[in-house]
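Chemist: Please read through the structure below; I'll follow up with questions.
The values are calculated or read from the model by the stated rules, or taken from the named source; none is laboratory data. Since we're looking at a predicted model, the values are computed, not measured. As a convention, Cβ positions derive from the backbone with ideal geometry for all residues, glycine included, and neighbour counts pool all protein chains shown. Ligands, DNA and RNA are excluded from the accessible area calculation, which covers all protein heavy atoms including side chains. Shrake-Rupley method; radii C 1.70, N 1.55, O 1.52, S 1.80 Å.
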Amino acid sequence: MLRIKPTNQISGTIRVPGDKSISHRAVMFGALAKGTTRIEGFLPGADCLSTIQCFKQMGIEIEQAGDRVTVQGKGWYGLQEPSSRLDVGNSGTTIRLMAGIMATQPFHVVMEGDESIAKRPMRRVIGPLRQMGAKIDGRKEGEFTPLSIRGGGLTGISYESPVASAQVKSAILLAGLQAQGETSVTEPHLSRDHTERMLQAFGVQVERDGLTVRVKGGQELQGRDIQVPGDISSAAFLIAAVMMVPGSSLLIENVGINPSRTGIIDVVRQMGGGLELLNEKLVNEEPVADLLVTYAPLHGIEIAGDIIPRLIDEIPVIAVMATQAAGQTVIRDAQELKVKETDRIATVVSQLSKFGAQVEPTDDGMVITGSSKLKGAVIDSMGDHRIGMAMAIAGLAAQGETQIENDEAIAVSFPGFSELLSRISL
Ligand code: S3P
């Protein structure tokens with residue numbers, strides 16, 4: 001159990017662990033590439049370790065020590081049929097991106113994960129992969145795990161995705177790299193584009209035209225070195241910590257600021273918080289900067305439309321910040337929250353209410369009315385890393401102690417979270 005005491009000030013210069021999305025992709029693409037890929041700044045969180053384990057089961061040599069990983073790629077068809085099921089743990093990115101990769105492989109594989117994965121929708125990925133010719137089945141006609149995949153013999157498709165999901169887009173593009181002809185994906189709003197950027201870094205040709213991305217089949221990847229920037233989704237908890245406690249400031253170094261991920265920066269600035277970008281640079285096609293975050297009194301805003309995919313994982317902690325903002329914060333167009341590690345509309349509302357916050361669920365988001373004085377509470381992460389961390393941040397501004405039960409979920413994306421939080425809490 002994690003105990004959080006209210007704090008007088010947040011201050012310091014810190015780094016956050018590597019970006020989860022980029023770490024997954026670096027391992028996957030390294031495993032499919034020809035030659036060696038060395039990764040620095042890798043996130044040694046449970047999700048990314050699941051990805052490593054899956055590729056090891058298919059005969060890929062991977063060495064991992066802390067945030068350094070070496071992958072000995074054997075080319076796209078260097079994977080071997082695994083002799084047992086692949087366990088993706090809690091990781092939606094692992095199972096959905098790997099479904100795209102497995103759809104190209106001339107063998108059989110079964111993938112499954114934990115209780116949360118068993119409830120998450122899979123047809124959004126396997127529907128288009130079936131259209132390309134992959135043989136995939138799963139519980140409830142393929143909606144749920146375990147997924148059974150026999151791949152190979154794919155043909156390219158032009159897919160109009162009903163959801164803005166990087167996991168869906170990436171799975172189809174990866175399958176498209178070994179399909180006949182061209183494959184394209186069009187999204188309703190732009191989702192994170194790390195796959196497109198990293199494929200280019202591995203020597204693949206990817207074309208973008210507005211909300212459509214295209215790849216041609218028959219392309220090979222070349223191994224290379226990847227430096228993973230800090231995860232802006234992890235930085236978001238610490239940005240929020242600054243905004244919860246008057247007089248606070250924090251320098252967060254080396255954070256990825258890919259525009260498809262920076263909704264949190266826009267929101268903090270719109271709410272009145274201080275956030276400056278320093279030392280901007282480009283590393284392996286990904287923009288990176290230091291974030292100088294300074295407390296200022298916040299006011300409520302409306303968050304909806306195109307910005308939602310740019311901050312989808314940050315909504316739990318944005319809701320926490322909104323409890324300290326004057327007036328209403330309205331979050332709309334965020335139905336996707338219902339199919340994350342938990343139903344995050346329900347879990348944010350149930351856990352944040354325990355602090356005495358005013359938060360009402362809606363069909364596609366929530367309404368938070370601030371500012372309210374929070375009181376310490378006993379919280380359940382519900383097995384969701386981001387719920388556990390968001391509620392820990394709420395605890396910093398609450399009167400009395402807060403206890404987070406099932407806090408081990410936090411290691412999914414942010415090992416060392418509680419130690420870092422104590423280090424910056426004065
Ligand atoms: C991710 C995409 C997002 C995000 C998840 C990571 C990725 O999911 O919520 O944490 O690495 O591609 P969706 O693509 O389902 O929106």
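Chemist: What percent antiparallel are the DSSP beta bridges of the chain, to the nearest 5?
Modeler: Counting DSSP beta bridges with both partners in the chain, the antiparallel share is about 70 percent.
Chemist: Considering only the stretch 20-227, what is the antiparallel percent among its DSSP beta bridges, to the nearest 5?
Modeler: For the stretch 20-227, the DSSP antiparallel bridge percentage is about 75.
Chemist: From the square roots a ≥ b ≥ c of the eigenvalues of the alpha-carbon gyration tensor of the stretch 20-227, which class results: rounded (a/c under 1.5), prolate (a/b over b/c), or oblate?
Modeler: Rounded.
Chemist: Which residue fluctuates most in the GNM of the chain (Cα springs below 10 Å): T329, T347, T13?
Modeler: Result for the chain, Cα springs under 10 Å: T13 fluctuates most.
Chemist: Would you work out if the stretch 295-426 is rounded, prolate or oblate? Take a ≥ b ≥ c from the square roots of the eigenvalues of the alpha-carbon gyration tensor; rounded if a/c is under 1.5, else prolate when a/b is larger than b/c, oblate otherwise.
Modeler: Oblate shape, in that a/c is at least 1.5 and b/c is the bigger or equal ratio.
Chemist: Further, regarding this structure: Which is farthest toward the positive dipole end of the chain among M389, V215, P316, measuring Cα position about the Cα centre, with Cβ charges +1 (Lys, Arg) and -1 (Asp, Glu)?
Modeler: V215
Chemist: Using alpha carbon centroids, what distance separates the stretch 56-71 and the stretch 382-426, in Å?
Modeler: 29 Å
Chemist: Placing unit charges on C-beta atoms (Lys and Arg positive, Asp and Glu negative, everything else neutral), compute the dipole magnitude of the stretch 20-227 about its Cα centre in debye, rounded to 20.
Modeler: The calculated dipole for the stretch 20-227 is roughly 180 debye.
Chemist: For the chain, what does -39500 (n - 2.57) per DSSP helix run (n ≥ 4), summed and divided by total residues, give at 222 nm, in deg cm²/dmol to the nearest 500?
Modeler: Estimated from H runs of four or more residues: -9000 deg cm²/dmol.
Chemist: Sort 225-233, 184-192 for me by packing, meaning the mean count of neighbouring Cβ atoms within 10 Å per residue, highest on top.
Modeler: Ranked by mean Cβ neighbours within 10 Å, highest first: 225-233, 184-192.
Chemist: Per residue, how much accessible area does the chain have with a 1.4 Å probe, in Å²?
Modeler: Accessible area per residue: 36 Å².
Chemist: About its Cα centre, what dipole magnitude does the chain give when the only charges are +1 on Lys and Arg Cβ and -1 on Asp and Glu Cβ, stated in debye to the nearest 20?
Modeler: Once rounded to the nearest 20, the dipole reads 400 debye.
Chemist: Could you report the accessible area of L275 in Å², rounded to 10, computed with a 1.4 Å probe on the protein chains as they sit in the structure?
Modeler: Accessible surface of L275 is approximately 10 Å².
Chemist: In a GNM of the chain with a 10 Å cut-off on Cα contacts, which of D407, D209, D290 has the highest mean-square fluctuation?
Modeler: The residue that fluctuates most here is D209.
Chemist: Putting +1 on Lys and Arg Cβ atoms and -1 on Asp and Glu Cβ atoms, find which of T186, G152, M132 reaches farthest to the positive end of the dipole of the stretch 127-226.
Modeler: So the residue we want is G152.
Chemist: What ranking, highest mean first, results for peptides 153-163, 27-37, 88-98 when packing means the other Cβ atoms within 10 Å averaged over each residue?
Modeler: In descending order of packing, they fall as 88-98, 27-37, 153-163.
Chemist: First check a/c for the stretch 228-346, with a ≥ b ≥ c the square roots of the eigenvalues of its C-alpha gyration tensor; if it is under 1.5, answer rounded, and if not, answer prolate when a/b is larger than b/c or oblate otherwise.
Modeler: Cα axes put the stretch 228-346 in the oblate bin.
Chemist: Let me ask another. Taking all protein chains in place and a 1.4 Å probe, what share, in percent, of the accessible surface of the stretch 20-227 do carbon and sulfur account for?
Modeler: For the stretch 20-227, the apolar C and S fraction of the accessible surface comes to 44 percent.
Chemist: State the answer as a single residue: which of W76, I62, Q200 lies farthest towards the positive end of the charge dipole of the stretch 20-227, with beta carbon charges of +1 for Lys and Arg and -1 for Asp and Glu, about the Cα centre.
Modeler: So the residue furthest toward the plus end is W76.
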